[in-house]
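Note sheet for the following structure.
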Amino acid sequence: MKNENKIQYIYGIADNALILGQRLSELCGHGPSLETDIATTNMALDLLGQTRSYYQYVAQLSGEEKTEDDIAFLRTERQYKNVLLVEQPNVHFGYVITRQFLYDVFHLLLLQELQNSNDEMLSAIAKKAIKEVSYHQRFSSDWIKRLGDGTDESREKVQEAVNDLWKFTDELFHMTDDDKIAVESGIGVDVTTLKDKYHQIVKEILEEATLMVPEVKWFQKGGKQGVHSEHMGYLLADLQYMQRTYPNMKW
Amino acid sequence: MTIKLEQHIDPQLIPVLEKVHDPEIPVLSIMDMGVVRSAQYHDDVVEVKITPTYSGCPAMDVIGDDIVNAFKAINVKAKVSLVLSPAWTTDWITPKGRQALEKYGVAAPLNEEADKAALLGNKRIVKCTNCGSSNTKLVSQFGSTACKALFQCEDCLEPFDYFKCLK
Ligand SMILES: [Zn+2]
């Protein structure tokens, strides 16, 4: 497998962690309660930590004098390969939790397979991340149940969020050309095989939360090819501002 | 970054490594935390490999610098690198480390099953670090850092951190 394909494959995983981490970071100091504020920012920290491990590896593979910061902050919108789901905005807390839940379930299934990758580094990153993401999934599932089986208002809001975000879930199981090459060479995960399990887990928790599973037949896609929703530009402007305004700045 | 499976620490280096503490839990040395995976002389340079507790743990950069400085103080050059595998677990915290944690006011991690019961099942089993009572309740699944959760004692009302079990 060529390094360039491998790098693209890693972006397909790592960019999800970066962009979701960025979305959660936006809640720092703005969470609806102190506990949820701490929780979302701690999850952001885990995701950004995972992102660093992936990007450090990409920097090493690229053979150029690239750093993890260049990769995070200096790419253009089309070069980010995250799914549309993770870039969706923090509309309200129920929305944040639903987005998190719909991604966590997928993320954990992906990592459980990625740990068997014949790429030593990807396997090591996955094994480390599994421990963190299991906790995220517990947290978001717990909140889905509390909000769904909560007051009329909380149920209505979280059901709306589920209905709204559902159209982004199918993209999780699409394979890009780089994904296919990665699977063939034994380093990548065939995400199409995760779909049934994903729906089974999501359905179970939504039902326990007394929420309806949407029956949408139309799904949105594009993120994996770098074609993002209208929210991505604003997110990147926020994310990249410091590094673009003060090139080479360090913390 | 290389991946090393076994912990291999040159015994003569341990006293220096024990002087380096976790910046967020200063009572705990990095040896007690179990984050040092290997420490060896290669010619004149000490090469130390550490592993993060959590992927995003901001303490790791500081710990790396502190190790270099601790060896510098005895005129030895040190190089620190990060290894991810095998992933750190709270089982690597030494008995001495657990004691230090409790004394500092952070409840030490329970076993996996008890940990789940405390964090998800609202079981009152985490002991208050102030009065020892088990009549404690979970306040927040996340605490001041990613590795901790927040509890409060219902007897003496002390709020305290609990170091979550990580397996
Ligand atoms: Zn007490």
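Below, the figures for the structure above:
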quantity	calculated
Long-range neighbours under 7 Å by Cβ, at least six apart or interchain, first residue touching a residue at least 12 places away in the same chain (Cβ under 8 Å) within the range B:59-74, second in a loop (DSSP other than H, G, I, E, B) and among the aliphatic types (A, V, I, L, M)	B:I63/B:V20; B:D66/B:V20; B:I67/B:V20; B:A70/B:V20
Number of the exception - A:L61 against (1) among the aliphatic types (A, V, I, L, M); (2) surrounded by fewer than 19 Cβ atoms within 10 Å (Cβ to Cβ); (3) in a loop (DSSP other than H, G, I, E, B)	(3)
Residue list for the range A:120-136, filter: closer than 13 Å to A:L45 by Cβ and either open to solvent by 20 Å² or more (accessible area, probe 1.4 Å) or facing chain B (nearest Cβ under 7 Å) (or both)	A:A129, A:E132, A:Y135
Failed criterion for A:N42 (all others in (1) in contact (Cβ under 8 Å) with a residue 24 or more places away in the chain; (2) of a type outside the set (A, V, I, L, M); (3) open to solvent by less than 20 Å² (accessible area, probe 1.4 Å) hold)	(1)
Candidate set: the range B:153-167, residues that are within 14 Å of chain A (Cβ to nearest Cβ) and within 16 Å of the ligand (Cβ to nearest atom); chosen: the one least open to solvent (accessible area, probe 1.4 Å)	B:Y162
Residue selected from the range B:74-93 under the condition more than 11 Å from every other protein chain (Cβ to nearest Cβ) and β-branched (V, I, T), by the criterion surrounded by the most Cβ atoms within 10 Å (Cβ to Cβ)	B:I93
Qualifying residue in the range A:128-138 (condition: assigned to a helix (DSSP H, G or I), touching a residue at least 40 places away in the same chain (Cβ under 8 Å) and under 20 Å from A:M175 (Cβ atoms))	no
Count - residues of the range A:202-212 that are of a type in the set (A, V, I, L, M, F, W, C) and without any contact (Cβ under 8 Å) to a residue 12 or more places away in the chain	0
Members of the range A:4-17 found to be buried (at least 24 other Cβ atoms within 10 Å of the Cβ) and hydrophobic (A, V, I, L, M, F, W, C), listed by number	A:I10, A:I13, A:A14, A:A17
Enumeration of residues in the range B:97-143 that are within 14 Å of the ligand (Cβ to nearest atom) and within 14 Å of another protein chain (Cβ to nearest Cβ)	B:K137, B:V139
Of the criteria (1) more than 14 Å from chain B (Cβ to nearest Cβ); (2) part of a helix (DSSP H, G or I); (3) open to solvent by less than 40 Å² (accessible area, probe 1.4 Å), which one A:N82 fails	(2)
In the range A:137-164, the residues that are small (G, A, S) and more than 14 Å from every other protein chain (Cβ to nearest Cβ)	A:G148, A:G150, A:S154, A:A161
Index of the failed condition, B:I74 passing every other in (1) under 30 Å from B:D10 (Cα atoms); (2) under 13 Å from the mean Cα position of the chain (by Cα); (3) away from the ligand (no atom under 16 Å from the Cβ)	(2)
The range A:228-251 - residue that is in a helix (DSSP H, G or I) and open to solvent by 90 Å² or more (accessible area, probe 1.4 Å) and, of those, nearest to A:L84 (Cα to Cα)	A:Y234
Matching residues in the range B:109-121 - criterion: being modelled with pLDDT of 90 or more and open to solvent by less than 10 Å² (accessible area, probe 1.4 Å)	B:P109, B:D115, B:A118
Leading residue by the ranking (farthest from B:E24 (Cα to Cα)) among those in the range B:36-53 that are within 13 Å of chain A (Cβ to nearest Cβ) and open to solvent by less than 20 Å² (accessible area, probe 1.4 Å)	B:T51
Which numbered condition A:F106 fails, given (1) out of contact with any helix residue (DSSP H, G or I) (no Cβ under 9 Å at 6 or more places or on another chain); (2) away from chain B (no Cβ under 12 Å); (3) under 20 Å from A:K203 (Cβ atoms)	(1)
Test for A:Q8: is it in contact (Cβ under 8 Å) with a residue 24 or more places away in the chain and either under 18 Å from A:M175 (Cα atoms) or in contact with a Pro (Cβ under 9 Å, 6 or more places away or on another chain) (or both)	yes
Which listed residue is within 19 Å of A:Y80 (Cα to Cα) and outside any loop (DSSP other than H, G, I, E, B), from A:K180, A:K197	A:K180
The one condition in (1) without any contact (Cβ under 8 Å) to a residue 12 or more places away in the chain; (2) in a helix (DSSP H, G or I); (3) more than 11 Å from every other protein chain (Cβ to nearest Cβ) that A:G29 fails to fulfil	(2)
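The values are calculated or read from the model by the stated rules, or taken from the named source; none is laboratory data. Values in this document were obtained by computation on a predicted structure and should not be read as measured data. Every residue, glycine among them, receives a Cβ derived from its backbone with ideal geometry; neighbour counts consider all protein chains shown. The accessibility values were calculated without ligands, DNA or RNA, using every heavy atom of the protein model including side chains. Shrake-Rupley method; radii C 1.70, N 1.55, O 1.52, S 1.80 Å.
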